[in-house]
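Laboratory data are not the source of any read-out in this text; all were calculated from the coordinates shown. On a predicted model such as this, the values are computed, not experimentally measured, just so you know. Using ideal geometry, Cβ is built from the backbone for each residue, glycine included, and neighbour counts are taken over all protein chains shown.
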Amino acid sequence: MGFKLEKEKRKKLEDLKLAESRRVVLTEGTLIELLDGMEEVLGESALIALLYSAGLRRGRRVVEYLKEEEKEWDLEKWLDESLRLPRQEGIFSNYKIDLEKGKIYISNSIECRLERMSGKSYGRCCFTQGYISGILNSLIEGVKVKEVVHKKREGEDFLCIYEIK
Ligand SMILES: [Zn+2]
């Protein structure tokens with residue numbers, strides 16, 4: 001008796017592992033302690049730079065992973081597929097791409113959720129911005145990504161808006 005996942009389901013499981021790593025589950029409280037500890041040792045500006053850099057690397061890795069197979073996608077499809085992976089990872093709960101306006105809308109980023117819990121803010125999403133920049137930089141050479149709206153209340157959600165230039 002064999003058990004075989006359908007191709008689409010199997011692909012989704014591979015996406016979750018991002019090919020090379022398994023999931024680790026941390027509570028938001030543990031993550032806050034981890035970040036506070038890093039800030040205590042490194043200082044605020046080094047922590048912000050570290051989070052941005054880690055996000056950037058992760059974003060690049062996502063695109064690298066997706067590029068392992070040859071795909072004939074247009075830019076919007078590439079962005080959509082690339083942003084789907086961090087959403088599955090829990091980096092944010094949802095996203096919307098508006099290429100005409102040059103904007104990406106992110107709901108409930110990990111930073112917004114941690115800010116809500118701890119009350120502490122860096123005024124922007126360092127890791128998430130790095131992640132999005134890493135994705136975009138891998139797809140469009142020389143592009144700049146800036147978070148222009150941070151933690152705007154939208155009903156039960158928090159919205160951040162990124163501008164692509
Ligand atoms: Zn934000």
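For a paramagnetic label modelled at 7 Å from the Cα of K103 toward its Cβ, which residues of segment 111-150 fall within the zone defined by backbone nitrogen distances under 14 Å?
The answer is 146-150, whose backbone nitrogens lie closer than 14 Å to the label point.
Quote the relative contact order of segment 11-165 in percent (integer), defining contacts as alpha-carbon pairs under 8 Å separated by 6+ residues.
The normalised contact order for segment 11-165 reaches 26 percent.
For Cα pairs less than 8 Å apart in space and 6+ apart in sequence, what is the mean separation divided by the residue count of segment 64-148, i.e. the relative contact order in percent?
Relative contact order comes out at 21 percent.
Explain nothing, just compute: Karplus ³J(HN,Hα) = 6.51 cos²θ - 1.76 cosθ + 1.60, θ = phi - 60°, for every residue of segment 31-44 in order, whole Hz, x for Gly and Pro.
With the stated coefficients, segment 31-44 comes to 5, 4, 4, 4, 5, 4, x, 5, 5, 4, 7, 9, x, 5 Hz.
Limiting things to C-alpha atoms, what are the Rg and the maximum Cα-Cα separation (Dmax) for the chain, in angstroms?
In Å, with Rg to one decimal and Dmax whole: 16.6, 57.
Between S118, S138, S93, find the one with the highest GNM mean-square fluctuation for the chain; connect C-alpha pairs within less than 10 Å.
S118
Could you run the Karplus curve 6.51 cos²θ - 1.76 cosθ + 1.60 with θ = phi - 60° over segment 159-164 and give me ³J(HN,Hα) per residue in whole Hz, x for Gly and Pro?
For segment 159-164, the Karplus curve yields 10, 10, 10, 10, 9, 9 Hz.
How large is ³J(HN,Hα), in whole Hz, for each residue of segment 68-81 in order, when computed from phi with the Karplus curve 6.51 cos²θ - 1.76 cosθ + 1.60 and θ = phi - 60°, using x for Gly and Pro?
Working through the residues one at a time gives 4, 10, 6, 10, 9, 9, 7, 4, 4, 5, 4, 4, 4, 5 Hz.
Between R22 and K96, 0.36 nm times their residue separation minus their Cα-Cα distance comes to what?
24.0 nm is the gain from fully extending R22 to K96.
Measure up K67/K96; K120/K146; K67/K120; K77/K120 against 28 Å on the Cα-Cα distance and list the ones that go over.
In this structure, K67/K120; K77/K120 lie more than 28 Å apart at Cα.
Among 128-135, 54-61, 142-149, how do they line up by average Cβ neighbours within 10 Å per residue, starting with the highest?
Top to bottom by mean Cβ count within 10 Å: 128-135, 54-61, 142-149.
Using only DSSP helix segments of four residues or longer, with each worth -39500 (n - 2.57), what per-residue ellipticity at 222 nm results for the chain after dividing by its residue count and rounding to 500?
Using -39500 (n - 2.57) per qualifying helix, the result is -17000 deg cm²/dmol.
Considering only DSSP states other than H, G, I, E and B, which GluC sites (Glu not before Pro) in segment 15-98 qualify as loop sites with at most 12 other Cβ atoms within 10 Å?
Qualifying residues, ordered by number: E20, E68, E69, E70, E72.
Tell me the net charge near D157. Cut-off is 13 Å between Cβ atoms, D157 excluded, with +1 for each Lys or Arg and -1 for each Asp or Glu.
+4
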